[in-house]
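Structure, as C-alpha cells:
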Amino acid sequence: MLTKDDLKEIEKLLEPIRGTLDSHSKKLEVIDEKVSAHSVSLINLEKEIKAYLDALDVERKRVDQHDEHLGVIEESLDLNP
C-alpha cells in the first residue's frame, strides 16, 4: 500500500513532466489560434471558388444551348462547319 511519503516522491518525479506538458500546452494554444485564424480565410476561399464554379457551370450551360441552336441553324442552312 502506498503511503503519503510514497505519493510525495511520485509527485516529485512527475514535476518535470508537468512542466513539459505545460509548455506543450502553451504551444498548442498558439497553434490552435493560428489554425483558427487561417480557417476563416480558407472558408472564404472555398466560398469564393464555389461561386466561380457555379458561374462557370451556368456559362457552360449557356454555351451548350448556343451550340444546339447553331447546330439547328447550320442543319437548316445545310452548312458544314
Solvent-accessible area per residue, Å², over the chain with all protein chains present [probe radius 1.4 Å] | 98
From DSSP H assignment alone, runs of 4+ in the chain each adding -39500 (n - 2.57), the sum over residues rounded to the nearest 500 puts [θ] at 222 nm at -34500 deg cm²/dmol
Mind listing the Cα extents of the chain along all three principal axes, in Å, largest one first?
-> 103, 28, 16
Using a 1.4 angstrom probe with every protein chain in place, what is the largest-first accessible-area order of ARG60, ARG18?
-> ARG60, ARG18
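The values are calculated or read from the model by the stated rules, or taken from the named source; none is laboratory data. Computed from a predicted structure; not experimentally measured. Heavy atoms of the whole protein, side chains included, go into the accessibility calculation; ligands, DNA and RNA do not. Shrake-Rupley method; radii C 1.70, N 1.55, O 1.52, S 1.80 Å.
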